[in-house]
Structures are given as C-alpha cells and as structure tokens.
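Contents: one structure, followed by commentary.
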Amino acid sequence: MATIESSGVETKTLPIQLPLDFSSIQSVPESHAWAESNEDKVENNGDGSIVLPIIDLNDPNAMEMIGYACENWGAFQLKNHGISKSVIEELEVETKRLFDLPKEQKLKALRSRDNPTGYGTFWITPFFQQRMWQEGFTIIGSAVQDAKKIWPNDYQPFCDAMKKFEDESRVLIEKLIHLSFKFLGISEEEEKNWVGPKNHAGAIQLNSYPICPKPENAMGIAPHTDTSIFTLLHQSQSSGLHIFKDGSGWFTVPLVPDTIIINTGDVLHMLSNARFKSALHKVSVNNVKHRYSMVYFYRPTMDQVVSPLVPNNNSDEEPRFRALTFKEYVGIKDKYLDKALSIVSVKED
C-alpha cells in the first residue's frame, strides 16, 4: 500500500484505479454519473455581485488585500505574480503533450502501490462511490524517473518545464507566506521555520478534464480542501474551478489573463488559528473544451509540528487546534478527509 511519508504530499492507501480511456467514451458511464444536489449547484455570478478577489502583488496594499481574501474566501487571483509567461507556456505545452498520448503510453508510468508519483486518478478518488471525469499526473521531486517511462528518448523538455514551474512557484509562495504571516502578526523568526529547502515539501499535480458528453452529470474533482500551506493553480483552456464561500455558496473562478489562482490549505488554517479559511473547492467539466490545470502544493515536511501561531501574539486567544506533526495530520486526512480539521480541533468555531 502506498504511503508518502518523506515527500510532504497527502498520503493515501491507494487502490489501483485506472482513469477512463476518454478517447473512446461516447456517454457518461454509470460509474462516473453524479446526481447534483441543491447544495452543489454553482452560481454563475455573472452580475459581478460576488467575485473572487483579484490582487496585484505590486500593489502597496497587497498584504492587507491578501489577508482579507484569506479571511473571507481562502482564495484569490494574483496579478504580477512573477511566474514568467514563457514558463507558463512551456508548462501548458508539455502538459498537453503528456495527456494527448495514447492511454497505453501513459500507463507505462502508472502509479503503483509503492510509488504515488506518475499517472492515475486524483488522490481523493477512493473516498467517493462515483468516479471523477479526470486523469492526473503527480510529480514529487524530480520528474525524470516517470517521464523516462513514457518518453525514453524525449523526456527532457517535460522535466525542464516542470522544474521551472516548481522553482518559480516556490519563490512566489514564500513571498505570500511572508505577507500572510506579517498580516497575522507572526514574527519573521517564526516564519523561518516554514520556508526554505529544509522546511517545506512541494508537489506538482497535472490534471486533464476531457470534453464530457453530459457535464451536468459528471464531476471533475469532488469538493475537498488541500492539506497545504498554500496551493497555486493555473487553469488552461476554460474555467472549471469553483470555490465555496460561507453564506453564499459555490462560485465559479473565471479565466483572467495573466493571473494565478492561490488558495489556502488546512495547514495555514491551523497556523492562523482558524482566522484564514481552508478553501473548499471542486472542479466541473464541460462539453466544449478539453480543460487542463497545473497545480503546485507547498507543504511542511512530515516531521514538522503544526499548531496555531497566532495565540503567541495574542494572550487572550486560545488555540483552536491541538499540536501534531504534519505526518499525523496527513494520516487523519487520509482516513477521514473532510472531517480531519474537526478531529484535531480543541475549540468549536
């Protein structure tokens, strides 16, 4: 059974579940058919009444705007983020090149019970009776080993594109950690424990959402939160990401040119003592365009102790979560998914 204790990515005992061969699908099979409830319906927010914040990182008030977005949404879109256009273009080209391959070629890098990297379904799949309209590719550390299985003689462009994306994403997220910690009143000395090569573990998740003949009965990725500190996402071709806002419901995150989507994860929710949301999000599919997304997760190392940091600066505020290692939390998340945060909570919201 697969566990990922040294990598920092969510661990899961994974049954080997193969993605559909979407190239030959003419209808949504029963295994992938979802019944939409009223709670799942997404607002188009076409009137502009509620829109996910768009923040310019060069704005003098960026710190306050990021803090507000994390408190109220757990997510925002970021302009002037520093990830170069050429890196994004290479990332899109190589992601499409991967998923355009015949299924038998992609299966050469199929995840095994001992190795969670490579080709397969999204990690939350085993929690749901119905399957998702998605295929994915996970990279932890170097992409070379899995890429060589697919392209024995032409793997380097893919690996180079992934490395550039990871490097620039890491730099950006460490800037966001600095700004968000400063907003919360967490000291720069404490901040040093959460950034840098010894204090974080990253992972890349590439997702493919093929055209679906009946998208209203399919699910790209089911609702979930991330275990990360921050998650960075680039969505290509069409919008499909939806964020849940307390008191308002589900809203679509539109495609905005030259922006990157950022959402907060469970770890930052705990570090902020529940002041920052952990963004509940899901993905829909469509019957017009094949959609791709590229995600970078920034997480602690497995032995790092996660506990609220805000009470250190406010003696009147009691911790809402018990201290535990990230490895312990990952184990709880892998067993209980959406109940994990309530399990480690010591104080009701």
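Here are the numbers:
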item: Whole-percent carbon and sulfur share, accessible surface of region 65-303, 1.4 Å; result: 50 percent
item: Neighbour cut-off at most 11 other Cβ (10 Å), DSSP loop, trypsin sites (Lys or Arg not before Pro), region 135-196; result: LYS192
item: Highest-fluctuation residue, ALA35, ALA147, ALA279 considered, GNM on the chain with Cα pairs under 10 Å; result: ALA35
item: C-alpha center-to-center spacing [region 78-92, region 195-227] in angstrom; result: 19 Å
item: Mean shadow area of the chain, taken as a quarter of the surface of its Cα convex hull (nm²); result: 17.0 nm²
item: Cβ crowding within 10 Å averaged over residues, with 79-85, 293-299 ranked highest first; result: 293-299, 79-85
item: Signed unit charges on C-beta, dipole axis of region 78-173, positive-most listed residue PRO116, PRO152, SER84; result: PRO116
item: Antiparallel bridges, percent of DSSP beta bridges restricted to the chain (to nearest 5); result: 90 percent
item: Of LYS108/LYS335; LYS85/LYS149; LYS96/LYS148, pairs whose Cα-Cα distance is over 27 Å; result: LYS108/LYS335; LYS85/LYS149
item: Per-residue HN-Hα couplings for region 217-226 [Karplus 6.51, -1.76, 1.60; θ = phi - 60°; Hz; x = Gly/Pro]; result: 10, 10, 10, x, 9, 5, x, 6, 10, 8
item: Estimated distance in nm for a label pair at GLU30 and GLU216, the labels positioned 7 Å out from Cα along Cα-to-Cβ; result: 2.2 nm
item: Contour minus Cα-Cα distance for SER248 and GLN130 (0.36 nm per residue); result: 39.8 nm
item: ³J(HN,Hα), Karplus 6.51/-1.76/1.60, whole Hz, each residue of region 184-196, x for Gly, Pro; result: 7, x, 7, 5, 5, 5, 5, 4, 4, 6, 10, 10, x
item: Largest to smallest principal axis extent of the C-alpha atoms in region 167-235, angstrom; result: 53, 24, 16
item: The chain - percent relative contact order, Cα under 8 Å, separation 6 or more; result: 23 percent
item: Kirkwood hydrodynamic radius (C-alpha pairs) into Stokes-Einstein, region 215-343, 37 °C and 0.692 mPa s, D in µm²/s; result: 205 µm²/s
item: Accessible area expressed per residue, the chain, with surrounding protein chains retained (probe 1.4 Å, Å²); result: 44 Å²
item: Simple Cβ-charge dipole of the chain, Lys/Arg +1 and Asp/Glu -1, about Cα centre, in debye nearest 20; result: 900 debye
item: 5 angstrom amide H check on GLN304, placed H, neighbours 5+ away; result: PHE326, LYS327
item: Protection-proxy order for peptides 225-234, 69-78, each taking the mean of Cβ atoms within 10 Å per residue, highest first; result: 225-234, 69-78
item: Ranked packing of 198-208, 252-262, most packed first, by mean Cβ within 10 Å; result: 198-208, 252-262
item: 5 angstrom amide H check on PHE321, placed H, neighbours 5+ away; result: VAL346
item: Distance (nanometres) between label positions extended 7 Å along Cα→Cβ at SER342 and GLU64; result: 3.7 nm
item: Region 69-107 residues near the modelled LEU255 label - backbone nitrogen below 18 Å, point 7 Å along Cα→Cβ; result: 77-79, 85-97, 99-100
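The values are calculated or read from the model by the stated rules, or taken from the named source; none is laboratory data. What you see is a predicted model; the values in this text were computed from it and never measured. All Cβ positions, even for glycine, are placed from backbone atoms using ideal geometry, and neighbour counts span all protein chains on display. Each accessible area value is taken on the protein alone, full model and side chains, heavy atoms only, with ligands, DNA and RNA left out. Shrake-Rupley method; radii C 1.70, N 1.55, O 1.52, S 1.80 Å.
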